[in-house]
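Comments concern the structure below.
The values are calculated or read from the model by the stated rules, or taken from the named source; none is laboratory data. No experiment lies behind these values; they were computed from the predicted model shown. Using ideal geometry, Cβ is built from the backbone for each residue, glycine included, and neighbour counts are taken over all protein chains shown. Ligands, DNA and RNA are stripped out before the accessible areas are found, and what is left, the full protein with its side chains, is counted by its heavy atoms. Shrake-Rupley method; radii C 1.70, N 1.55, O 1.52, S 1.80 Å.
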Amino acid sequence: MTSHSSHGLRVIGLISGTSVDGIDVAAADLHAEGGTVVLTPLGELDVPYPEPVRAGLLGALPPNPCSAEQLTRLDTQVGQAFAEAAARGVRELAGGYTDLIASLGQTVFHWVENGTARGTLQLGQPAWIAERTGLPVIADLRVRDIAAGGQGAPLASTLDALWLAGLAEETGRPVAALNLGGIANITVVRTGGQVLAYDTGPANALLDVAATRVTGGAQSSDVDGRFALRGSVHAELLARLLADPYFTAPPPKSTGKEYFHAGYLDAALTGLPPLSAEDLLATLTEFTATTVATECRRHRVGTVIVSGGGAANPALMAALARNLPGTGLKTSDDLGLPGAGKEAYLTALLGWLGWCGVPASVPSATGARGPRLLGALTPGACPLNLPAPLGGAVTRMRVAEKAAQR
C-alpha cells in the first residue's frame, strides 16, 4: 500500500445480486483517517455467470424445489465462478496486488417468518476463492446480524450511513440511498438521527420475469425500458399489486425473490383480460416507482441517490421523478461512487471493517440487538495475520478521487 494512514488495505469486493445475472467485482484502497474511512475506487467489473451456472441458480430459487445435491453442486460452481472473478479483479483492477477478498456470495434463500428473519443462505464456497487467489477471504457476512435479531439486510445501510451523513447535514433534510436491483432497498440518513434501512419491495424482480416471458426468453430485462415507455399503466393490476400487506408492514423488513416471483405475478394477473407486453411492463415499472416513492415521501426525503441496475432504465427513472416531485434525484456516480459497482464496493468496505475489528452492521437499520462484527475468515496461502483492532468508532466515509484504470 502506498498509504501511510491507519489500517490501509487493498480489497476486492464480490457480490451477485438478486437478479442472478453475474458477479459484480470492485477493487478499492481503504484506510482510516481518524473516524473517517477513505475509500478510493480502483475500478469495477461485471463478470457474467457461465450459462449452466446461471440456469442452475434460477432453477434452484423459490418457489422451485431444490435438493441438497443441487445446493452442493451450486455452492461449488458459484464458488469457482467467484474465484475466477476475484482473480480477474486482482489482475485487471488492482495491479496484481491485493490484501483481502470480501464476498457476499449469491443469496438463494432469505428465510423470513412473520416479519422476523430466521436464517439466510449465500452460495459461493470461499475456499475456492482462497485456493485460486492465495488470499484471505472474508465471507458469510449476513448471518451474524440475523443471529443478533436483525434482518441481515440491507447491509448497504452500513456504507450509506457513513457516506451520506455529511450530505444530510449539508442539506438539512433526510437523504435516501436507493438501490434498484432485483429488490429495491432504501437507506434513510438523517442529521443526528437513527439510520433506517429496509427493502421497499421489488425493483427489477417482476420486470425481469415479465420481460423474459414477453420476449420468449430473448431478453431477461426490459432493455432501456423500451416496452414500458410504449405502454400505459393498467389501473386494476396496479391496485392489486399495491394491496399486498408487505407495503404496509413497518420497517425493518426484508424480502426477496422467494416472495416476488413468477407465481406472484401470475396470481396478480388472475381474472384480468390479457395485457399487451407494453402495458404489462409499464404497470410493473409504475409499481416499483410508486412503492419506492411512497417510502421516500414517508420519511420526507430531500435527495435520493440511486444505484443498481434500475438506474440505467430510463422508464423507471422517469417514473420515479414523476412520483417524487420536488425531490432531488441523483445517481451515486454523481457523488463519485460508481453506481454499477456500488454493492461490490460495499462488500469491500464490509471486508475492511471486519478485518480491522470494526462492527459493520447498523442496528437501527437491520433491527439487530446491537452492532456486530460480521463475516467468517478463510485463510489464503499464508496464516492469517490480522492487525490490532482499529481503535475508536468509524462515523464517516469519504470517497477519494477514482484512481486511473490500470
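A few comments on the model shown:
- Checklist (1) modelled with pLDDT of 95 or more; (2) out of contact with any helix residue (DSSP H, G or I) (no Cβ under 6 Å at 6 or more places or on another chain) applied to GLY256, failing item: (1)
- Answer residue from the stretch 363-406, given it is closer than 28 Å to SER332 by Cα and charged (D, E, K, R) and is modelled with the lowest pLDDT among those: ARG406
- Residue check: SER157 meets all listed conditions (1) open to solvent by less than 10 Å² (accessible area, probe 1.4 Å); (2) closer than 21 Å to ASN323 by Cα but one, namely (2).
- Of the helices (runs of 4 or more DSSP H) lying entirely inside the stretch 16-134, those carrying at least 1 residues that are open to solvent by 30 Å² or more (accessible area, probe 1.4 Å), free of Cβ contacts under 8 Å to residues at least 12 places away in the same chain and not charged (D, E, K, R) are 51-60, 68-92.
- Selection of first residues in the stretch 373-390 that are on the phi < 0 side of the Ramachandran plot and of second residues that are among the aromatic types (Phe, Trp, Tyr) and open to solvent by less than 70 Å² (accessible area, probe 1.4 Å), restricted to Cβ pairs under 9 Å at least 6 apart or on distinct chains, gives the following pairs, ordered by first then second residue: LEU377/TRP355; LEU386/TRP355; PRO387/TRP355.
- In the stretch 135-154, the residues that are of a type in the set (Asp, Glu) and outside any loop (DSSP other than H, G, I, E, B): ASP145
- Filter result (part of a helix (DSSP H, G or I), surrounded by fewer than 18 Cβ atoms within 10 Å (Cβ to Cβ), in contact with a Gly (Cβ under 7 Å, 6 or more places away or on another chain) and not acidic (Asp, Glu)) within the stretch 260-311: none
- Considering the stretch 160-241, the qualifying strands (runs of 3 or more DSSP E), each wholly inside and each with 1 or more residues that are open to solvent by 20 Å² or more (accessible area, probe 1.4 Å), run over 196-202.
- Between ALA176, ALA153, the distinction of being within 17 Å of ASP199 (Cα to Cα) and modelled with pLDDT under 95 belongs to ALA153 only.
- Test: residue in the stretch 203-219 that is basic (Lys, Arg) and modelled with pLDDT of 95 or more: yes
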